[in-house]
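Each remark here refers to the structure printed beneath this line.
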Amino acid sequence: MNIVIQIISIAAMLFSVFSFQMNKHKHIMIMQILATTLFGLQYFLLGAYTGMAVDIVATLRGIVFYHRDKEWAKSNIWIAVFIIMFILSGFLTWQGPSSLLMTSAMILNTFSFSFTKPKLVRSTILISSPLVLIYNILTGSIGGIINEVCVELSSIIGLLRYDIKRKKDK
């Protein structure tokens, strides 16, 4: 069973890493929806219930933020709704201080993914990723650990590729 859990987390990691190489907000969100769904499943199988709960909320957040260009999804009230949902998820699944890591990271990511400019998404994710990395180390998610290292690298590469390089070319 442990091998299956790690395979799920590695598949989730691939979607997550590829998301930061996308240059359209909708494409980033599709990849993030797939990643959070799979990470939620692997956290459940690991018994890391805070990770599972916040990833369920993150999947819902991804669906709403995918539609950020539509009138019903533009409202910043969604940010508050998701922050409340993350806090409740962390509280209801409390497994000690490690629960604060995932809850805090997801709150930070909510601000990040609410931005429709990929540059802002890529740069702000660098703040929350270390929190998730520590959570993954504590829960034994190999794919999650690899993911966070790759997310950091992928975000930096995306920033260099799309944002810094293009700025210099202008």
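The values are calculated or read from the model by the stated rules, or taken from the named source; none is laboratory data. What you are looking at is a predicted structure, and each value in this text was computed from that prediction instead of being measured. As a convention, Cβ positions derive from the backbone with ideal geometry for all residues, glycine included, and neighbour counts pool all protein chains shown.
Some notes on this structure:
- Flag: THR139 matches the condition of being at pLDDT 90 or above and in contact with a helix residue (DSSP H, G or I) (Cβ under 6 Å, 6 or more places away or on another chain).
- The range 93-107 residues that are over 7 Å from LEU131 (Cβ atoms), paired with ones that are surrounded by fewer than 22 Cβ atoms within 10 Å (Cβ to Cβ) (beta carbon under 6 Å, 6 or more apart): THR93/TYR49; SER98/LEU138; ILE107/ILE83
- When the range 139-155 is filtered for residues that are among the acidic types (Asp, Glu) and either touching an Asp or Glu at 6+ places or on another chain (Cβ under 9 Å) or touching a residue at least 40 places away in the same chain (Cβ under 8 Å) (or both), nothing remains.
- Every residue from the range 79-90 that is in contact with a helix residue (DSSP H, G or I) (Cβ under 8 Å, 6 or more places away or on another chain) and without any contact (Cβ under 8 Å) to a residue 40 or more places away in the chain: ILE79, PHE82, ILE83, MET85, PHE86, ILE87, SER89
- Test: ALA58 is within 13 Å of the chain's Cα centre (by Cα), in a helix (DSSP H, G or I) and among the aliphatic types (A, V, I, L, M): yes
- Selection count, the range 125-145, where residues are crowded, with 18+ Cβ neighbours inside 10 Å and either charged (D, E, K, R) or part of a helix (DSSP H, G or I) (or both): 12
- Each residue in the range 42-53 was checked for being crowded, with 19+ Cβ neighbours inside 10 Å and either in contact with a Leu (Cβ under 8 Å, 6 or more places away or on another chain) or more than 12 Å from MET13 (Cβ to Cβ) (or both), and 7 pass.
- Extreme residue, surrounded by the fewest Cβ atoms within 10 Å (Cβ to Cβ), among residues of the range 1-33 that are over 13 Å from the mean Cα position of the chain (by Cα) and outside any helix (DSSP H, G or I): MET1
- Just one of the listed residues (PHE111, PHE82) is assigned to a helix (DSSP H, G or I), more than 20 Å from ALA11 (Cα to Cα) and at pLDDT below 90, and it is PHE111.
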